[in-house]
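Here the structure is laid out as structure tokens; the discussion comes afterwards.
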Amino acid sequence: MERTQMAVVLTIIAVLLLLWWLLRFVPAGVEAHMPMPYSTALDRYLWVPAVIGAVWSAALGCWWGAALYALLLVLVIAGESPYYRHPFGRTANTSQATANTAAYGTGRSGASADDVIRAMTLNCRYGRADAENIVRLVRERHIDVLALEELTDELVERLSHAGLNTLLPYCQQGAQHAGDNGGFNAIWSRAEPAGRIATFLNIHAADVPAITIDADAGDTPGAPSNPGRQVTFAAAHTKSPMRGCREWSYGVQALNAIATSPEPVVVLGDLNACLDHRCLRDVLAAGVHDASLDVAHGPTLTFPSWTPWPRIELDHALANSGVVFHSAQAITVRDTDHRALLVTLSVR
């Protein structure tokens with residue numbers, strides 16, 4: 001192929017890639033059609049063809065093509081930039097976040113021990129996740145709240161046998177349905193709940209169980225109650241687009257309900273969405289905030305677990321304004337395709 005023809009082809013590809021990236025701005029209702037949820041999830045990796053195309057175009061002397069690829073690279077970087085800056089209005093919490101992050105994973109002997117709650121969520125892949133591995137993480141990381149998705153009765157039994165109920169004695173399960181999203185959801189707590197519910201949000205998938213605990217109870221069961229500092233934790237799993245594209249979009253958008261809750265709320269789980277998806281960005285724009293964005297150390301990549309690259313962020317910890325996140329970390333667990341998401345947080 002002649003240089004001129006190759007330059008034309010590269011320029012056309014650059015235009016198509018730019019249009020691909022710009023699809024992230026279509027309304028959430030338009031986004032809810034296959035294969036858009038999957039193509040949009042790969043937006044963050046468009047830097048690869050952008051770099052290759054820019055170099056190739058420059059080598060051919062096709063400067064228009066090189067400029068288009070350079071523009072694509074800038075746009076991809078801009079799309080990732082929210083992960084590396086603290087949200088406006090929350091910078092006052094930076095010093096507190098630093099102190100609590102220093103104590104992360106070392107028990108409750110660190111700074112502000114009475115205020116910090118450690119939570120973890122994991123998609124268990126049809127109940128196949130290694131129960132011993134999960135319980136060991138709960139024990140070693142001093143987890144206070146555990147949210148699990150795609151559970152089966154058999155996995156719950158294995159978790160109990162591995163000692164989970166000793167570490168986190170209180171549990172609320174979602175009701176099981178024939179159309180569950182790969183399994184049911186459940187949430188465990190170290191502290192005795194002040195309230196619990198089997199269905200906290202309607203997201204057209206598995207039930208979203210929730211528990212309300214006293215934020216000051218820490219990991220001391222039976223600690224005095226303080227009704228003024230309670231926080232609700234919920235375990236959520238939106239439908240994957242392949243199981244219902246429209247239900248997936250509606251399910252993610254339903255999460256904006258926590259923004260208007262008068263009490264602190266944290267939703268943990270596999271939300272099958274990342275920042276590139278318009279439906280999740282709309283939820284964040286409504287006043288919900290995400291642990292990875294708050295920590296501002298980059299996305300917490302959780303899927304797939306079996307390869308370090310490419311990964312995307314499908315598992316999240318979302319909260320309303322009553323909660324402050326201090327850290328977010330992903331850890332691989334055996335026999336499941338998602339990585340566990342561990343976060344530390346406190347109630348304002």
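The values are calculated or read from the model by the stated rules, or taken from the named source; none is laboratory data. Fair warning: this is a prediction, and the values are worked out from it, not measured in the lab. Note that we place each Cβ from the backbone using ideal geometry, even for glycine, and neighbour counts take in every protein chain shown. Accessible surface areas use protein heavy atoms only, side chains included; no ligands, DNA or RNA. Shrake-Rupley method; radii C 1.70, N 1.55, O 1.52, S 1.80 Å.
Here are the numbers for the structure shown:
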{"quantity": "Among the residues listed as Asp276, Asp294, Asp270, the single one being under 20 Å from Asn202 (Cα atoms) and either open to solvent by less than 20 Å² (accessible area, probe 1.4 Å) or in contact (Cβ under 8 Å) with a residue 24 or more places away in the chain (or both)", "calculated": "Asp270"}
{"quantity": "Set Leu301, Leu345: member being within 24 Å of Asn256 (Cα to Cα) and open to solvent by 30 Å² or more (accessible area, probe 1.4 Å)", "calculated": "Leu301"}
{"quantity": "Tabulated pairs, segment 322-348, first assigned to a strand (DSSP E or B), second among the aromatic types (Phe, Trp, Tyr), C-beta under 6 angstrom, 6+ apart or interchain", "calculated": "Ser327/Tyr104; Val343/Phe325; Thr344/Tyr104; Leu345/Phe325"}
{"quantity": "Residue in segment 156-215 that is modelled with the highest pLDDT, counting only those that are out of contact with any strand residue (DSSP E or B) (no Cβ under 7 Å at 6 or more places or on another chain) and acidic (Asp, Glu)", "calculated": "Glu157"}
{"quantity": "Count of segment 225-244 residues which are in contact with a helix residue (DSSP H, G or I) (Cβ under 9 Å, 6 or more places away or on another chain) and hydrophobic (A, V, I, L, M, F, W, C)", "calculated": "3"}
{"quantity": "Of residues in segment 187-205 being part of a strand (DSSP E or B) and among the β-branched types (Val, Ile, Thr), the one farthest from Asn165 (Cα to Cα)", "calculated": "Ile197"}
{"quantity": "Residue tally, condition surrounded by fewer than 20 Cβ atoms within 10 Å (Cβ to Cβ) and in contact (Cβ under 8 Å) with a residue 40 or more places away in the chain, over segment 44-60", "calculated": "3"}
{"quantity": "Qualifying residue in segment 111-120 (condition: open to solvent by 20 Å² or more (accessible area, probe 1.4 Å), among the polar types (S, T, N, Q), closer than 22 Å to Ala206 by Cβ and not in a strand (DSSP E or B))", "calculated": "no"}
{"quantity": "Residue within segment 245-265 that is touching a helix residue (DSSP H, G or I) at 6+ places or on another chain (Cβ under 6 Å), assigned to a strand (DSSP E or B), crowded, with 19+ Cβ neighbours inside 10 Å and modelled with pLDDT of 95 or more present", "calculated": "yes"}
{"quantity": "Helices (runs of 4 or more DSSP H) within segment 7-88 that include 1 or more residues farther than 25 Å from Arg246 by Cα", "calculated": "47-59, 63-80"}
{"quantity": "Counted residues, segment 61-82 - those being β-branched (Val, Ile, Thr) and open to solvent by 50 Å² or more (accessible area, probe 1.4 Å)", "calculated": "2"}
{"quantity": "Conditions (1) in a strand (DSSP E or B); (2) at positive phi: number failed by His142", "calculated": "(1)"}
{"quantity": "Odd one out for Arg90 among (1) among the basic types (Lys, Arg); (2) at pLDDT below 95; (3) touching a Leu at 6+ places or on another chain (Cβ under 8 Å)", "calculated": "(3)"}
{"quantity": "Tally of residues being crowded, with 20+ Cβ neighbours inside 10 Å, under 18 Å from Arg128 (Cβ atoms) and of a type in the set (A, V, I, L, M) across segment 310-340", "calculated": "3"}
{"quantity": "When residues of segment 103-152 are limited to those that are basic (Lys, Arg) and modelled with pLDDT of 95 or more, the one nearest to His326 (Cα to Cα)", "calculated": "Arg118"}
{"quantity": "Residue within segment 279-286 that is touching a Cys at 6+ places or on another chain (Cβ under 9 Å), surrounded by fewer than 23 Cβ atoms within 10 Å (Cβ to Cβ) and within 14 Å of Ile203 (Cβ to Cβ) present", "calculated": "no"}
{"quantity": "Failed condition for Gly195, given (1) under 17 Å from His338 (Cβ atoms); (2) surrounded by fewer than 20 Cβ atoms within 10 Å (Cβ to Cβ)", "calculated": "(1)"}
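One line per residue, one yes/no per condition, for (1) within 26 Å of Gly298 (Cα to Cα); (2) at pLDDT 95 or above; (3) of a type in the set (Lys, Arg):
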| position | (1), (2), (3) |
| --- | --- |
| Glu2 | no, no, no |
| Pro49 | yes, yes, no |
| Ala67 | no, yes, no |
| Thr101 | yes, no, no |
